[in-house]
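Engineer: Below you'll find the structure I mean.
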Amino acid sequence: MPDKSGKSGRLDVIASLRKLISEGVYAPGERLKELHIAERLQVSRMPVRLAFRTLEQEGLLQKTGTRGYVVRQFSEEDVLCAVEVRGALEGLAARRLAEQGMSEVVEARLRECLDRGEALLEKGYLIKADIEGWSGLNQDFHRAIVGATGSSVIHDAIARNDHLPFASADSIVIDDAALDREYGKLRMAHAHHQLVFQALSRGESARAEMLMREHAYIGVRYGDLFGLGQGPGLSGR
């Protein structure tokens, strides 16, 4: 069995489990066993154990004492409400940042995220390793905007909301079996990043807020545009 106990292997396992749960392969209330998951994904048990902890923090799994982890029960309405709340909070952060103006440090950080996104997408297709790359730059982009406001209230509210299923910016599901179609979705997400940055640079607070609110729906509403079906948690729940 290949050793995938490092960061890359753990992120692969997280992405795979997130996709399996979103598709209903593991049903609400079903207990997940480390050994079974490790065998299915052809990894060692360590990255599975670490992935369980991450997905618990994301609200997809629940700890059940000595019995390990079970898939959390959630509905379509739960997912959509959590996404809407994140969009509202991140939109508020973007509006405040546009009003106060970006520092040189924040501007450089956001530009670097855009450069990483362009480098990842410029070849015109995705490879499996790009999933980790996108996850990292996307997380950095969102954190830079929220952190730049200096508001612990917004930061803490987003942190609490991130514990709900598919609510966090980092929990977007990327189907590694349909990377040709996922490319279009990430290209759209990257365009959103570019537009948000443009609005922030120009001090367009209302536009920045609107764009961040819409951007939150990438993971749950944009799949149909690229032949990917419904978003995570929205099929049969």
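Here, each number is a calculation from the coordinates, and none is a lab measurement. Computed from a predicted model, the values in this text were never measured in an experiment.
Engineer: In terms of modelled amide H atoms, which long-range or inter-chain residues lie less than 5 Å from the amide H of LEU61?
Structural biologist: So LEU61 has HN proximity to GLU56, ARG72.
Engineer: Tell me the mean residue ellipticity at 222 nm calculated for the chain from its helices only (DSSP H runs of n ≥ 4, each -39500 (n - 2.57), averaged over every residue, nearest 500).
Structural biologist: So the helix-based figure for the chain works out to -20500 deg cm²/dmol.
Engineer: Can you work out ³J(HN,Hα) from phi for every residue in the stretch 102-107, in order, using Karplus 6.51 cos²θ - 1.76 cosθ + 1.60 and θ = phi - 60°, giving whole Hz and x for Gly and Pro?
Structural biologist: Computed from phi, the couplings for the stretch 102-107 are 7, 6, 4, 5, 5, 4 Hz.
Engineer: Can you tell me the length gained on complete extension of the stretch ARG40 to ASP140, counting 0.36 nm per residue apart and subtracting the Cα distance?
Structural biologist: 32.9 nm is the gain from fully extending ARG40 to ASP140.
Engineer: Moving on. How large is log10 of I(q)/I(0) for the stretch 7-71 at q = 0.21 Å⁻¹ when the intensity is taken from the Debye formula with one equal scatterer per alpha-carbon?
Structural biologist: Treating every Cα as an identical point scatterer, log10 I(q)/I(0) equals -0.78.
Engineer: Turning to a different aspect of this structure: What list of ³J(HN,Hα) values in whole Hz, one per residue of the stretch 48-58 in order, does the Karplus curve 6.51 cos²θ - 1.76 cosθ + 1.60 (θ = phi - 60°) give from phi, with Gly and Pro shown as x?
Structural biologist: 5, 4, 5, 5, 4, 5, 5, 6, 5, 5, 7
Engineer: Under the classification rounded if a/c is under 1.5, otherwise prolate if a/b is larger than b/c and oblate if not, where does the stretch 123-168 fall, given a ≥ b ≥ c as square roots of the Cα gyration tensor eigenvalues?
Structural biologist: oblate
Engineer: Measuring from the lowest to the highest alpha carbon on each principal axis, how far does the chain reach, largest first, in angstroms?
Structural biologist: 52, 38, 32
Engineer: Let me ask another. What list of ³J(HN,Hα) couplings, whole Hz, do you get for the stretch 27-34 from phi and the Karplus terms 6.51, -1.76, 1.60, once you set θ to phi - 60° and write x for glycine and proline?
Structural biologist: Those phi angles translate into 7, x, x, 6, 7, 9, 10, 3 Hz.
Engineer: Please work out the C-alpha center-to-center distance from the stretch 141-211 to the stretch 22-61 and express it in whole Å.
Structural biologist: Using only Cα atoms, the two centres lie 25 Å from each other.
Engineer: Starting from the Cα gyration tensor of the stretch 50-175, take the square roots of the eigenvalues, sort them a ≥ b ≥ c, and report rounded, prolate or oblate (rounded when a/c is under 1.5, otherwise prolate if a/b is larger than b/c, else oblate).
Structural biologist: Oblate is the answer for the stretch 50-175, as a/c is 1.5 or above yet b/c matches or exceeds a/b.
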